[in-house]
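Beneath this line is the structure, given in structure tokens, with notes to follow.
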Amino acid sequence: MVFIDGELLTSKGWEGELDPHSFYVDYQNGYVYIGVDPTNRLVEITAQDSALVRTSGPAHGKVSDGKGPVIRGLTFTQYAYRALEIEGKKHFTSADEPTNEPVGLSEPATYGKEVTHALIENVTITYCSHVAGYFRGDGLIIRNSLISDTSTEGLYVIGSSDVLIEKNIFRRNNIKQLTGYYPAAVKIFNQTNRVTFRDNLITEQPYSNGVWFDVGNHDAVIVDNWVENAQNGIFIEISRGATVAGNVVVNSSTGLHVLNSADVHVYNNTFVNARVTVERNDRVAAGDLFDWHASTGPGLEQREGHIFVHNLMAATEGFREPLLEFVQKASLCGKLQHPQAKEVDGNVYVRSPFVLASGTVVPLIVDAPSAGENCSSKAASLEEFRKLEPAFEENGVQIDASPRSILKGPDLGHFELQRAIANAPSSDLLPADVRSLLGWNETEAKTSGAYPLQ
């Protein structure tokens, strides 16, 4: 990264492309070219790969005590690779794939034990040429911190158990706008267990996903977060067991994406201009591009058991997508005929009815597997969906009106209900353990969406 008077410049392929806001590095001859006269200007370049690497191996003749660092109140900025890293069993360089630990399906007792109980608190990490940090080790806590303006991901948590990430702000990741690459503000990766992601703000992510649990994660807890302007706001892939509750996801291509996973339980979230997608395809370990990744998650016939209850989904006139979709690859027609979800009920769907220029009605819900073409059907209403899936949405409510008619101030980001929703379920559909996570009483838990009716 190169900066002039604090402005981050964009990289170019040769010096002939330069303008006042770009730079070119001639690696062969060791020159950096910029497009302005540097006289009386502050010109900076990232020179160090990292600020702090907590090694798990011997250092200066001493062996590791296994205790994670406590880092509070510091600002780290402008690093050429990552600002912080906590090692596991291996020492990785920038030439290695840092997420390959463990490799293959592994027992939790065999990893995440080298450096444990690190605490990162009230820290700012900005302008790293790759990620803000790679973190490994059980008992990790990251809280009250700002992670911003990284070239790819924000934070990576890898192969760790009993982790807490709370009350942080994540903004502007993948500032290089890389394509063919799948970044996230927060990547929880490779066989983590019991990671809690709570009360965080993810914003300004047009080129990045929000929080992504990927490859063999178990028993995630994702509660009370706000995600806006992301690709996939909350993404759960190749994982088993997650509770997603009390979150608000706004203006994101997909608010929640569940892919090739099992037992994801989704309660009382609010999705505004952010569809929900539950999907399975034929990806298995054999012949897969990423080899062992798929083997860490549920097998082909185990990608089911999801619960989608008491959520509120709202769309403005500019949003032309289904609010809920169950997607299954056509090649699985006849092979997987059972629903991906075991319970779908008590959800509220709010949007003004609209028809595309072609005369096609935009479906409210897409259902697969079903009897339609390629085992997929489109339902323009809850009534049509109930015909496709008679066991689902007995207590669901469809409101054919603008979100302004039921929400307090959606144009200003106020998504609380104005009043109780007519015909909404009066019973408490929220399990006691999830209600405890949200800190709600039984009366509050009768409301659909992320905000109890006040």
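Does residue 27 satisfy the condition of being on the phi < 0 side of the Ramachandran plot, aromatic (Phe, Trp, Tyr) and surrounded by fewer than 16 Cβ atoms within 10 Å (Cβ to Cβ)? For residue 27, the condition - on the phi < 0 side of the Ramachandran plot, aromatic (Phe, Trp, Tyr) and surrounded by fewer than 16 Cβ atoms within 10 Å (Cβ to Cβ) - is met. Kindly check whether there is at least one residue in region 409-421 that is assigned to a loop (DSSP other than H, G, I, E, B), under 22 Å from residue 339 (Cα atoms) and over 26 Å from the mean Cα position of the chain (by Cα). No, region 409-421 contains no residue that is assigned to a loop (DSSP other than H, G, I, E, B), under 22 Å from residue 339 (Cα atoms) and over 26 Å from the mean Cα position of the chain (by Cα).
Within the set 221, 195, the sole residue that is more than 19 Å from residue 313 (Cβ to Cβ), assigned to a strand (DSSP E or B) and touching a residue at least 40 places away in the same chain (Cβ under 8 Å) turns out to be 221.
If I filter region 425-437 down to residues being surrounded by 11 or more Cβ atoms within 10 Å (Cβ to Cβ) and out of contact with any helix residue (DSSP H, G or I) (no Cβ under 8 Å at 6 or more places or on another chain), which single residue comes out as farthest from residue 229 (Cα to Cα)? Applying the filter and picking the extreme gives 431.
Counting only residues that are of a type in the set (Phe, Trp, Tyr) and closer than 24 Å to residue 176 by Cβ, which one in region 74-125 is surrounded by the fewest Cβ atoms within 10 Å (Cβ to Cβ)? The selected residue is 92.
Of the strands (runs of 3 or more DSSP E) contained entirely in region 75-188, those carrying at least 2 residues that are in contact (Cβ under 8 Å) with a residue 12 or more places away in the chain and hydrophobic (A, V, I, L, M, F, W, C) fall at 82-86, 119-121, 124-128, 131-136, 141-143, 146-150, 155-158, 161-166, 169-173. Mind checking which residues of region 113-150 are closer than 26 Å to residue 291 by Cβ and in contact with a Leu (Cβ under 9 Å, 6 or more places away or on another chain)? Result: 131, 133, 134, 135. Every condition in (1) surrounded by fewer than 24 Cβ atoms within 10 Å (Cβ to Cβ); (2) out of contact with any Asp or Glu (no Cβ under 6 Å at 6 or more places or on another chain) is met by residue 271 except one, and the failing one is (1).
Just so you know, in region 361-404 the residues that are assigned to a helix (DSSP H, G or I), at pLDDT 95 or above and of a type outside the set (Lys, Arg) include one that is surrounded by the most Cβ atoms within 10 Å (Cβ to Cβ), and it is 385. Checking 294, 314, 286 one by one, the residue that is of a type in the set (A, V, I, L, M) and in a strand (DSSP E or B) is 314 and no other. Against the condition basic (Lys, Arg) and within 26 Å of residue 95 (Cα to Cα), how does residue 176 come out, does it pass? So residue 176 passes the test.
The values are calculated or read from the model by the stated rules, or taken from the named source; none is laboratory data. The structure displayed is predicted, hence computed values, not measured ones. In this analysis, Cβ positions are derived from the backbone assuming ideal geometry, glycine residues included, and neighbour counts consider all displayed protein chains.
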